[in-house]
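The values are calculated or read from the model by the stated rules, or taken from the named source; none is laboratory data. Please read these numbers as outputs of a predicted model, since none were measured by experiment. Cβ placement follows ideal geometry from the backbone for every residue including glycine, while neighbour counts extend to all protein chains displayed. All accessible areas refer to the heavy atoms of the entire protein, side chains included, with ligands and DNA or RNA removed. Shrake-Rupley method; radii C 1.70, N 1.55, O 1.52, S 1.80 Å.
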Amino acid sequence: MLKKISHIGLAVINLDRAIEFYRDVLKMDIRGRVKVESQGVEIAFIKIGGTTELELLSPLREDNGVARFLAKHGPGLHHICYEVDNIGERLAWLKDHGISLIDEQPRTGAEGDKIAFANPKSMLGVLTEFKEVRKR
Ligand code: ZN
């Protein structure tokens, strides 16, 4: 089933300013920053507590979900991500229970893990990501 909350995704307009805010005002540790050209986003990871993270998402282009989210809602809470043991089994189980999946098959996330999103319309309004962590 679901092991834990992996991270909370936050949509931001300006990644540099958001990093400054979290680092300098909230005194949080920025763990890394990566451009994911295939998804048209740049992501910064912030550690909080033992294993949970914040994922700051900023669009590199206008033709992706984060850009559309920002245009519609402005910056803020974008998605929640749960870590799972076996993402293939989890997606099949969700489908069997009538959950609409954005990703029918897992894809590779920013750090090489297997990820998939479920449609917020099937998840009580919450855009939900599932992640199987790659063995490191
Ligand atoms: Zn995420």
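A few notes on this one:
- Leading residue by the ranking (most open to solvent (accessible area, probe 1.4 Å)) among those in the range 27-79 that are over 19 Å from T128 (Cβ atoms) and in contact with a helix residue (DSSP H, G or I) (Cβ under 7 Å, 6 or more places away or on another chain): R61
- For the range 29-131, the strands (runs of 3 or more DSSP E) that sit wholly inside it and include 2 or more residues that are more than 22 Å from K3 (Cα to Cα) are 29-36, 41-48, 52-59.
- Taking each residue of the range 74-92 that is at positive phi and away from the ligand (no atom under 12 Å from the Cβ) and looking for partners that are open to solvent by 20 Å² or more (accessible area, probe 1.4 Å) and assigned to a strand (DSSP E or B) with beta-carbon atoms closer than 7 Å, six or more apart or interchain, yields G76/L10.
- Hey, I19 part of a loop (DSSP other than H, G, I, E, B) and more than 20 Å from E132 (Cα to Cα) or not: no
- Considered as a group, the residues in the range 1-40 that are within 14 Å of the ligand (Cβ to nearest atom) and within 14 Å of P75 (Cβ to Cβ) include one that is farthest from the chain's Cα centre (by Cα), and that residue is V12.
- In the range 97-114, the residues that are at negative phi reach residues that are β-branched (V, I, T) and open to solvent by 70 Å² or more (accessible area, probe 1.4 Å) with C-beta atoms within less than 8 angstrom, at least six apart or across chains, in these pairs: K114/T108.
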